[in-house]
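Heads up: the structure comes next, in structure tokens.
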Amino acid sequence: MGINIALDGPSGAGKSTIAKLAAKRLGFVYVDTGAMYRSIAYNAMSRGIDTADEQAVTGSLQGLKIELAYREGTQAVLVNGEDVSDKIRTPEVSMGASAVAKLSAVREFLLETQRNIAAGNDIIMDGRDIGTVVLPNAQVKLFLTASAEERANRRFKELQEKGDPSTYEEVLADIEQRDYNDTHRDIAPLKQAEDAAVIDSTSMTIDQVVDEIVRAAEAAKKPSDEKKKKRSEREMMPVRPVTKTHRLNPVRQFFYNLLRVIVTFIMKHKYDLTYEGLENVPTDGGNVFASNHRSYADPVLIALGARVPISYMAKDELFHKNIFFTWLIKTFGAFPVVRGAGDTSVIDTSIDKLESGRNLVIFPEGTRSKDGKVARGKTGVALIAAVAQTKVVPVGINFEGEKLTKGSKVVVRYGKPIDPAEIGVTSATTGDVKRIKKEIMDSITGLVY
Ligand code: DC
């Protein structure tokens, strides 16, 4: 697996200089996403298109090919085969890039490319939304900043060296305007990821910043003692196949079915809800349902298509809100996971739930995805399936946009169950867990459009 470093921050914070140097020292590939936005602006401007004209800019993406080529260790940017590396660095193109970066069609156009470059590679990617949107699971997230005056100073010097006639005041005004645009746009605004480390470079040298990044990357490469301990615990975890003898009390099952009918009726009234692949849902309990995660309604959406009551993990904090809320989520099968309490206790609790005859719903991505793309999965679900030797039903939850709203078209798809034994997963060793994890994540991705 590659190490991904997400480096975000405002214009002129020195991200590209720093990222290039850090990439060289680490032997990583440097990916300059700003250059991609600049290329789109450059292409539009050279075709006489106003970068504020959403329709025209969107149209200009048709057939547009943006490539990053690496020549003798430096990155060249190609637009439809033309090397535009220097042409995209003018102040006009900077402003144009800031304008096109506001458009959702442009961001979507680049997202896929950026994720593909990062997948499986050691990269350092700089931009504005890398840690928050493009690579939310990056192992290292950094937010590099400096005061606006210091940033203007640096860029002014750079431009002067190139013979650009802009004054310091113009450069500062430009930076302030771009900061405003980048932080105030509706989609993917410049924002520090919650789990990013902030580096304020105002009074740091370039080398000091690079050192800090190299240290962070090396720490990510080297598993911490904590991780090593968890891994060895995992290696030693014996399989504990779920016995499927326990059936739910018939009275409870009856009331559950009734509740399911009522809630399905309410949900179908609220959303344009359809289910696909219901024939893949096992009739018994004790199965794992692994789904992509889009909204707080996901556990309910999944439960409605499954015949047997579910259990699902929820953050411990949710159990300390108020008595009613705690009762409600517990009734619907939630059980608390204390963060950082270690894998083994969660796995034991999960298997107890499976043995009690319930189905267990897990969201391998860990957090909800806003844009619907399936992020990298965590290992928990694969580990549970391997230890419990139980089937995993992949689920894809699909709806357009960021949030579920009244009338949203929602499609819940159940895929073919993955049986650990059938794919030769008979232990909870790292190799077996990896294999079933890949199978699970690939199946989920195939059910999401
Ligand atoms: O980093 P830069 O100055 O080359 O970026 C050019 C513009 O592109 C800048 O105004 C912000 C925008 N951008 C973005 O919105 N998201 C990114 N990931 C990278 C750049």
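The values are calculated or read from the model by the stated rules, or taken from the named source; none is laboratory data. Keep in mind that what you see is a predicted model, and the values were worked out from it rather than measured. Cβ placement follows ideal geometry from the backbone for every residue including glycine, while neighbour counts extend to all protein chains displayed. Please note that ligands, DNA and RNA were not included when accessible areas were found on the heavy atoms of the full protein model with its side chains. Shrake-Rupley method; radii C 1.70, N 1.55, O 1.52, S 1.80 Å.
Worth a mention:
- Enumeration of residues in segment 170-214 that are open to solvent by less than 70 Å² (accessible area, probe 1.4 Å), β-branched (Val, Ile, Thr) and in a helix (DSSP H, G or I): Val171, Ile175, Thr183, Val209, Val210, Ile213, Val214
- Restricting attention to segment 303-340 and to residues that are among the aliphatic types (A, V, I, L, M) and assigned to a helix (DSSP H, G or I), the residue that is nearest to the chain's Cα centre (by Cα) turns out to be Leu318.
- Count of residues meeting criterion [of a type in the set (D, E, K, R) and more than 12 Å from Ile175 (Cβ to Cβ)] in segment 129-157: 3
- Residue check, Asp86 closer than 27 Å to Glu169 by Cα, among the charged types (D, E, K, R) and surrounded by fewer than 24 Cβ atoms within 10 Å (Cβ to Cβ): yes
- Residue match in segment 419-440 (condition: polar (S, T, N, Q), free of Cβ contacts under 8 Å to residues at least 24 places away in the same chain and surrounded by fewer than 16 Cβ atoms within 10 Å (Cβ to Cβ)): no
- From the options Ala148, Ala188, residue that is in contact with a helix residue (DSSP H, G or I) (Cβ under 7 Å, 6 or more places away or on another chain) and more than 23 Å from Gly372 (Cβ to Cβ): Ala148
- Flag if Gly12 is assigned to a loop (DSSP other than H, G, I, E, B), closer than 30 Å to Thr430 by Cβ and not polar (S, T, N, Q): no
Each row is one residue, and each column tells you yes or no for (1) assigned to a helix (DSSP H, G or I); (2) open to solvent by less than 60 Å² (accessible area, probe 1.4 Å); (3) at pLDDT 95 or above; (4) more than 11 Å from the ligand (Cβ to nearest atom).
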site: Phe109; (1), (2), (3), (4): yes, no, no, yes
site: Arg115; (1), (2), (3), (4): yes, yes, no, yes
site: Asn121; (1), (2), (3), (4): no, no, no, yes
site: Asn137; (1), (2), (3), (4): no, yes, no, yes
site: Arg154; (1), (2), (3), (4): yes, no, no, yes
site: Lys157; (1), (2), (3), (4): yes, no, no, yes
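- The single condition among (1) in contact with a Leu (Cβ under 9 Å, 6 or more places away or on another chain); (2) within 14 Å of the ligand (Cβ to nearest atom) that Asp186 does not meet is (1).
- So Ile66, is it out of contact with any Cys (no Cβ under 8 Å at 6 or more places or on another chain), hydrophobic (A, V, I, L, M, F, W, C), within 14 Å of the ligand (Cβ to nearest atom) and modelled with pLDDT under 95: yes
- Annotation note: of Gly127, Gly131, the sole residue that is within 20 Å of Asp182 (Cα to Cα) and either touching a Ser or Thr at 6+ places or on another chain (Cβ under 6 Å) or of a type in the set (Lys, Arg) (or both) is Gly127.
- Of residues in segment 22-51 being at pLDDT 95 or above and open to solvent by 60 Å² or more (accessible area, probe 1.4 Å), the one farthest from the ligand (Cβ to nearest atom): Gly48
- Check on Arg368, at pLDDT below 90 and in contact with an Asp or Glu (Cβ under 9 Å, 6 or more places away or on another chain): yes
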